[in-house]
């Protein structure tokens, strides 16, 4: 039986229990109660989650996503919360940190899911998320992970949750950001299970 660590924002929080149940008997699935928010937050707390959430277990697979917080545009600013270069640098640092903490772990990066614009619950007066930004950040992240050579010669695998979510009907949305419905949970959860399954022993 393998150990799996799921990390990510509230999209991950929508499917983590589902994935745990689907992999029951084949994998021990761990995840923090925390919303892992933006890339800085994930990088900062990664070692704490290893210590507290895993409690001594070594993950065979880490499946993670960051992006919805990184692309947020606050109402008085024209730029995304993190610019693209910062986002890519932090993603790479998260990967390097995982391999520092557990060198043999397989890493799967999940692309950021689309929103129903403006994609920010407080409303357009306070900020927004744009699908054009999400697509731009996703494409750059996938390209980086495809081309980047890490010192252990491992490759970061991609789980394209953006395309999975894009194909879902309107009824899969629970609000302008989340897919906390039966349709959404099953679709995204099954995509995560499929990405992890090749490593199940």
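In the chain, the longest principal axis of the Cα atoms and the axis of helix 10-22 are about 40 degrees apart.
For segment 2-199, the antiparallel share of DSSP beta bridges with both residues in that region comes to about 10%. Springs between Cα atoms under 10 Å define the GNM used for the chain, and in it the highest mean-square fluctuation of 122, 114, 59 occurs at 122. Extension gain for the segment residue 152 to residue 167, taken as residue separation times 0.36 nm less the Cα-Cα distance, is 1.9 nm to one decimal. Helical runs assigned H by DSSP (4 residues or longer) give the chain a calculated mean residue ellipticity at 222 nm of -13500 deg cm²/dmol, each run adding -39500 (n - 2.57) before division by the residue total.
Over the chain, calculate the relative contact order: mean separation of alpha carbon pairs under 8 Å at least 6 apart, over the residue count, as a percent. The value is 25 percent. Each of the peptides 179-190, 42-53 was scored by the mean count of other Cβ atoms within 10 Å over its residues; in descending order, highest first, they stand as 179-190, 42-53. Taking 159, 131, 65 as the candidate residues, the one with maximal mean-square fluctuation in a Gaussian network model of the chain, Cα springs under 10 Å, is 131. All Cα-Cα distances of segment 2-199, cut into 5 Å bins from zero to the largest, leave 1, 8, 17, 21, 21, 17, 10, 4, 1, 0 percent in each bin in turn. Taking the 0 to 90 degree range and rounding to the nearest ten, how far is the long axis of helix 39-52 tilted relative to the main principal axis of the chain, both from C-alpha atoms? Long axis of 39-52 versus the principal axis of the chain: about 30 degrees. How big is the gap, in Å, between the Cα center of segment 150-201 and the Cα center of segment 65-80? Here the two parts' Cα centres lie 21 Å apart. Between the Cα long axis of helix 182-196 and the first principal axis of the chain there is an angle of about 40°, rounded to the nearest 10. Given a Förster distance of 30 angstrom, what is the FRET efficiency for residue 58 paired with residue 85, based on the Cβ-Cβ distance and rounded to 0.05? The pair residue 58/residue 85 has a calculated efficiency of 0.40. Please say if segment 1-85 is rounded, prolate or oblate, where rounded means a/c under 1.5 for a ≥ b ≥ c the square roots of the C-alpha gyration tensor eigenvalues, and otherwise the choice is prolate for a/b larger than b/c and oblate otherwise? Prolate. Which residue fluctuates the most in the chain, going by a Gaussian network model with Cα springs under 10 Å, if the choices are 55, 83, 153? Greatest mean-square fluctuation among the candidates belongs to 153.
Quick note: the coordinates plus some simple rules give every number you see, no bench work behind them. Remember, it's a predicted structure, so these values are computed and weren't measured experimentally. Cβ sites come from the backbone with ideal geometry, for glycine too, and all protein chains shown count toward neighbours.
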